[in-house]
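Enquirer: Dumping the structure here so I can ask a few things about it.
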Amino acid sequence: MMNSDNTTHDAEDDVRNRDIKIYVNGDIVHRDQAVVSVYDSGFMLGDGMWEGMRIYNGKWAFFSEHMDRFFSSCKAVSLDVGMDRAGILAALNRTAAANGITDDAHCRLMLTRGVKVKPFQHPSLSRSGPTLVIIVEHSKPVDRLQSRGIKLATVPQVRGLPMSQDAKYNSHSKLNCVIACLQAEQAGADEALMLDVHGFVNTTNACNFFVVRKGAVWTSTGDYCMNGVTRQKVIDLCHTNGIEVFERNFSLVDAYGADEAFLTGTFGAQTPVASIDGKEIGDGARPVTLRIQALYKELIAQDVTGN
């Protein structure tokens, strides 16, 4: 198996992460003691939901939008969060404070249906109440991703019919994406470019996907992909700043011929794409991507100041 050079979640090594403290069901413990039961429904079945967030100057960026998605997803699968938004915020802040973190950090908020009384599928066997884990790591994206860009490979694995497993769920059940990631790695790429069920360009295994053609920004319809918070922020920024943006079906020929391409996600914000299936994207100039990156940084500053 070939190892890819980069992923969109590559971060600078930080020795402080070796001793971070993690929130586990109300307790703050050293990472070596942060454990859950082998009977936990998340471990056993991937039965849970999660959110990724970043903290800037002590504030969680776009907290309201992340909670909208989190609570909506949990409600849709009858998963009791066990606390309200204020409780989640308090737990997040408590975890960050325990690690002395106010900036350059990424959070993984994970909720499962809890510990099962028997190792079987039915949700009624989870009777302990939910399991809530919060990991907040010192995490700064590596600079080389911006200059080098990400290499994508189109893979056979697709996302995903809503009546099978709706891609809009940020669920613990990520095998679909893991398989796509493996297929991309075996093709010598950093990440997988996944098509939708009709063969149109959709998303990557970890991020939302955009192209730029003749100054206009294109992304998928959103019908078959995670409706990312950063994705929506980019679409909104384009609308409010005079950049043409389209949510539409488009095929690989449109992607290969793009002037620019980039990925969006909470961790990396906007990550340039260097090539798709070995075909270089554009001529290396990325004026629209750079403008969107600058606008997004301004938006984050406004959001965390207004919290």
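Enquirer: Considering only the range 131-153, state which residues are surrounded by 22 or more Cβ atoms within 10 Å (Cβ to Cβ) and part of a loop (DSSP other than H, G, I, E, B).
Expert: Listed by number, the list holds a single entry, G149.
Enquirer: May I ask you to list the residues in the range 158-183 that are free of Cβ contacts under 8 Å to residues at least 60 places away in the same chain and within 15 Å of C207 (Cβ to Cβ)?
Expert: If the condition is that a residue be free of Cβ contacts under 8 Å to residues at least 60 places away in the same chain and within 15 Å of C207 (Cβ to Cβ), then A167, N176, C177, V178, A180, C181 are the ones that fit.
Enquirer: Which pairs turn up if I take residues in the range 14-32 that are small (G, A, S) and look for partners that are modelled with pLDDT of 95 or more with beta carbon separation below 9 Å, at least 6 apart in sequence or on another chain?
Expert: From the range 14-32, the pairs are G26/A91; G26/L132.
Enquirer: I'm trying to understand the selection: among the residues of the range 182-208, which are crowded, with 21+ Cβ neighbours inside 10 Å and touching a Phe, Trp or Tyr at 6+ places or on another chain (Cβ under 8 Å)?
Expert: L193, V201, N202, T203, listed by residue number.
Enquirer: Of all residues in the range 19-45, how many are touching a helix residue (DSSP H, G or I) at 6+ places or on another chain (Cβ under 8 Å) and either at pLDDT below 95 or among the β-branched types (V, I, T) (or both)?
Expert: 5
Enquirer: Specify which of the listed residues (S128, S147, S124, S164) is hydroxyl-bearing (S, T, Y) and touching a Gly at 6+ places or on another chain (Cβ under 8 Å).
Expert: Residue meeting the stated conditions: S128.
Enquirer: V211 passes all but one of (1) of a type outside the set (K, R); (2) surrounded by fewer than 20 Cβ atoms within 10 Å (Cβ to Cβ); (3) more than 30 Å from F71 (Cα to Cα); which number fails?
Expert: Among (1) of a type outside the set (K, R); (2) surrounded by fewer than 20 Cβ atoms within 10 Å (Cβ to Cβ); (3) more than 30 Å from F71 (Cα to Cα), V211 violates only (2).
Enquirer: Please specify each residue of the range 122-170 satisfying the condition of being at pLDDT 95 or above and acidic (D, E).
Expert: Correct list: E137 only.
Enquirer: So for the range 171-191 (the condition being in contact with a Lys or Arg (Cβ under 8 Å, 6 or more places away or on another chain), on the phi > 0 side of the Ramachandran plot and at pLDDT 90 or above), does at least one residue qualify?
Expert: Yes: one or more hits.
Enquirer: Among the numbered criteria (1) surrounded by 16 or more Cβ atoms within 10 Å (Cβ to Cβ); (2) modelled with pLDDT of 95 or more, which one does S72 miss?
Expert: (1)
Enquirer: Same structure, new question: Kindly check whether there is at least one residue in the range 215-222 that is farther than 28 Å from W60 by Cβ and in contact with a Gly (Cβ under 9 Å, 6 or more places away or on another chain).
Expert: Among the residues of the range 215-222, not one is farther than 28 Å from W60 by Cβ and in contact with a Gly (Cβ under 9 Å, 6 or more places away or on another chain), which makes the answer no.
Enquirer: Could you tell me which residue of the range 33-57 is nearest to F70 (Cα to Cα), considering only residues that are in contact (Cβ under 8 Å) with a residue 24 or more places away in the chain and of a type in the set (A, V, I, L, M)?
Expert: Restricting to residues being in contact (Cβ under 8 Å) with a residue 24 or more places away in the chain and of a type in the set (A, V, I, L, M), the top hit is M49.
Enquirer: Still on this structure: Within the range 110-131, can one find any residue that is within 27 Å of L263 (Cβ to Cβ) and in the same structural domain as L79 (by TED's automatic domain parsing)?
Expert: Yes, the conditions are met somewhere in the range 110-131.
Enquirer: State all residues of the range 238-252 that are part of a helix (DSSP H, G or I) and surrounded by fewer than 19 Cβ atoms within 10 Å (Cβ to Cβ); if no residue qualifies, say none.
Expert: H239, T240, L252
Enquirer: Would you point out which residue out of G52, G48 is outside the structural domain of A206 (by TED's automatic domain parsing), at pLDDT 95 or above and more than 29 Å from V142 (Cα to Cα)?
Expert: From the options G52, G48, the qualifying one is G48.
Enquirer: When you scan the range 236-282, how many residues do you find that are in contact with a Pro (Cβ under 7 Å, 6 or more places away or on another chain) and over 11 Å from F209 (Cβ atoms)?
Expert: The qualifying residues number 2.
Enquirer: Output yes when any residue across the range 221-234 is closer than 22 Å to Q146 by Cα and more than 17 Å from the chain's Cα centre (by Cα), and no when none is.
Expert: So far as the range 221-234 goes, no, none of its residues is closer than 22 Å to Q146 by Cα and more than 17 Å from the chain's Cα centre (by Cα).
The values are calculated or read from the model by the stated rules, or taken from the named source; none is laboratory data. This structure is a prediction, so every number in the text was calculated from the model and none was measured. Every residue, glycine among them, receives a Cβ derived from its backbone with ideal geometry; neighbour counts consider all protein chains shown.
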